[in-house]
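Below is one structure, written out as structure tokens, with a few remarks after it.
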Amino acid sequence: MKNLHNALQLKQLYLLKQLGYSYTDIMPSKLETESIEIPEDMISLQKVVSGCHLCELSKSRQQVVFGEGNENADIMFIGGAPSSTEDSTGKPFAGHAGEILTKMIENVLHIPRPQVYIANIIKCKPANNRAPEESEAQTCRLFLQKQIELIKPKIVVTLGDTAYLYLTNDNSPISKIRGTVIQTDEYMILPTFHPSYLLRNPSAKKETFSDLLKIKELL
Ligand code: URA
């Protein structure tokens, strides 16, 4: 079991950065973190995440959106942040964007949605559907990393800018990087457009379709 002490220190450093510090002698305070640990199995991990209060989003959320799907999936889809429907249902991609994602999975990849795993960079809805802040994404990333570690997908499909940025720390725009296969030590990353973008820009469906076809080749 790994301690979350580092995550909390990192969070404090991000807060200092937001306050304008570029250098500090201030030691992040010693926090009572002995009892917060990252478990090594999915059920316990979900319990820890469901009770997480590491950032301000925990105050306004209705439900934590942990992620769902096949815990032995070869393909994992990662979005940015839950929005209202996900916040009220506790399920990722449960609204209109989710309908598009389901079509991408079932009509293009020809596999049932429950056969893949779907999660987000952050587990709680930001107010007014704003993009996650860096400190929120970095704090929550520990949980996502553990999910990836437990699922061991062959391919991680990142949906949109936010998911790609916070999974890889590369801020290439999605319009440039989409469709590029990035090999890491553990899995391949395939960035593509976010389903919400496709709702607003249906003409980008063609490119997304060709990105998804790569999955079939890669597997
Ligand atoms: N958009 C996301 O990125 N994730 C969701 O779960 C829903 C909408």
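Details
- Residue under evaluation residue 100, criteria (1) closer than 22 Å to residue 210 by Cα; (2) open to solvent by 20 Å² or more (accessible area, probe 1.4 Å); (3) assigned to a loop (DSSP other than H, G, I, E, B), criterion not met: (3)
- Lone unmet requirement of (1) out of contact with any Phe, Trp or Tyr (no Cβ under 7 Å at 6 or more places or on another chain); (2) over 16 Å from residue 53 (Cα atoms); (3) more than 9 Å from the ligand (Cβ to nearest atom); (4) of a type outside the set (Ser, Thr, Tyr) for residue 98: (3)
- For the range 103-130, a residue qualifies if it is in a helix (DSSP H, G or I) and modelled with pLDDT of 95 or more, and the qualifying residues are 103, 104, 105, 106, 107, 108, 113, 114, 115.
Yes/no matrix, rows are residues, columns are (1) open to solvent by less than 10 Å² (accessible area, probe 1.4 Å); (2) part of a loop (DSSP other than H, G, I, E, B); (3) of a type outside the set (A, V, I, L, M):
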{"residue": "132", "(1), (2), (3)": "no, yes, yes"}
{"residue": "147", "(1), (2), (3)": "yes, no, yes"}
{"residue": "191", "(1), (2), (3)": "yes, no, yes"}
{"residue": "203", "(1), (2), (3)": "no, no, yes"}
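- Which listed residue, of 196, 172, is polar (S, T, N, Q), part of a loop (DSSP other than H, G, I, E, B), open to solvent by less than 40 Å² (accessible area, probe 1.4 Å) and assigned by TED's automatic domain parsing to the domain that holds residue 155: 172
- Residue within the range 105-124 that is within 15 Å of the ligand (Cβ to nearest atom) and open to solvent by 60 Å² or more (accessible area, probe 1.4 Å) present: no
- Any hit, the range 81-89, residues being at positive phi, within 13 Å of the ligand (Cβ to nearest atom), part of a loop (DSSP other than H, G, I, E, B) and out of contact with any strand residue (DSSP E or B) (no Cβ under 6 Å at 6 or more places or on another chain): no
- Within the range 68-88, residues that are assigned by TED's automatic domain parsing to the domain that holds residue 119 and open to solvent by 60 Å² or more (accessible area, probe 1.4 Å) have Cβ atoms under 8 Å from residues that are among the charged types (D, E, K, R) and within 16 Å of the ligand (Cβ to nearest atom) in these pairs: 84/125, counting only partners at least 6 apart in sequence or on another chain.
- The single residue among 182, 189, 174 that is within 15 Å of the ligand (Cβ to nearest atom), over 29 Å from residue 53 (Cβ atoms) and without any contact (Cβ under 8 Å) to a residue 40 or more places away in the chain turns out to be 174.
The values are calculated or read from the model by the stated rules, or taken from the named source; none is laboratory data. Because the structure is a prediction, the values reported are computed rather than measured. So basically every Cβ, Gly included, is an ideal-geometry build from the backbone, and we count neighbours across all protein chains shown. Ligands, DNA and RNA are excluded from the accessible area calculation, which covers all protein heavy atoms including side chains. Shrake-Rupley method; radii C 1.70, N 1.55, O 1.52, S 1.80 Å.
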